[in-house]
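Undergrad: The structure is given below, and queries will be raised subsequently.
The values are calculated or read from the model by the stated rules, or taken from the named source; none is laboratory data. As the structure is a computational prediction, the values presented were derived from the model and not from experiment. Ideal geometry is used to build each Cβ from the backbone, glycine not excepted, and the neighbour counts take in all protein chains shown. Ligands, DNA and RNA are excluded from the accessible area calculation, which covers all protein heavy atoms including side chains. Shrake-Rupley method; radii C 1.70, N 1.55, O 1.52, S 1.80 Å.
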Amino acid sequence: GLTAGFSRRRIVLCHSGALSEMNSADDDRGLYKATGTVGVSARSAMTENPSNMTGQSPAPAKRRVLVVEDEMLIGMLLEDMLTDIGHEVAAIVPRLKEAMIAVERETYDMAVLDVHLHGESAFPVAEALIAKGVPFVFATGYGERGLPEAYRGRPVLQKPFAKDDLDRVLKALFP
């Protein structure tokens, strides 16, 4: 689930070009509190590995993943799924401008891109990832037919999807 085992969550927000960090803990009823400014693009990421909280040995993160998704709940679900299958979610970015900044400033092993971000196309992010040689998968409710011809043949994760679907598509990026 989305809340099981998480003791702290962190969100980094971009507003008028300024990035600020907010944290939430179990004891603050899920309210986020501003904790300062940061120099990284907008994201939400676990600050503790849930397996550490149960005494199990943690599985090593396989790949750093950029998630570009404008629906917060889907972004959180993707974060949980990616973590469950052993990846590190480096950033969850909801807007085109922040996604472009994230790709420019950070290094990722792969990315999951929602095709539509608050009415804007994510294709400039796809182009930036292609230029940097970062493999990615499109996540869309329209399937491959909803992509421009130039992107057909790229991996597509059809919404709605399950964790097994995500795992299968991402494994195909690294045969």
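Undergrad: List the residue pairs whose Cβ atoms are under 9 Å apart, where the first residue sits in the stretch 128-152 and is touching a residue at least 24 places away in the same chain (Cβ under 8 Å), the second is open to solvent by 50 Å² or more (accessible area, probe 1.4 Å) and of a type in the set (S, T, N, Q), and the two are 6 or more positions apart or on different chains.
TA: LYS132/THR107; VAL134/THR107; ALA139/GLN158; THR140/GLN158; TYR142/GLN158
Undergrad: While we're here: Can you confirm whether the stretch 160-174 contains a residue that is part of a strand (DSSP E or B) and within 18 Å of the chain's Cα centre (by Cα)?
TA: No: the stretch 160-174 contains no residue that is part of a strand (DSSP E or B) and within 18 Å of the chain's Cα centre (by Cα).
Undergrad: Can you tell me which residues in the stretch 60-106 are of a type in the set (Gly, Ala, Ser) and not in a loop (DSSP other than H, G, I, E, B)?
TA: In the first step, residues of the stretch 60-106 are kept if they are of a type in the set (Gly, Ala, Ser); the result is 61, 75, 86, 90-91, 99, 102.
Within the stretch 60-106, GLY75, ALA90, ALA91, ALA99, ALA102 meet the criteria.
Undergrad: Which residue is farthest from PHE174 (Cα to Cα), if the candidates are limited to the stretch 107-161 and must be buried (at least 16 other Cβ atoms within 10 Å of the Cβ) and of a type in the set (Ser, Thr, Tyr)?
TA: If we take residues in the stretch 107-161 being buried (at least 16 other Cβ atoms within 10 Å of the Cβ) and of a type in the set (Ser, Thr, Tyr), then THR140 is farthest from PHE174 (Cα to Cα).
Undergrad: Then there's this: Within the group ARG168, ARG63, ARG105, ARG145, which residue is touching an Asp or Glu at 6+ places or on another chain (Cβ under 9 Å) and of a type in the set (D, E, K, R)?
TA: On the way: ARG168 fails: touching an Asp or Glu at 6+ places or on another chain (Cβ under 9 Å); ARG105 fails: touching an Asp or Glu at 6+ places or on another chain (Cβ under 9 Å); ARG145 fails: touching an Asp or Glu at 6+ places or on another chain (Cβ under 9 Å).
Just a single option satisfies the conditions, and that option is ARG63.
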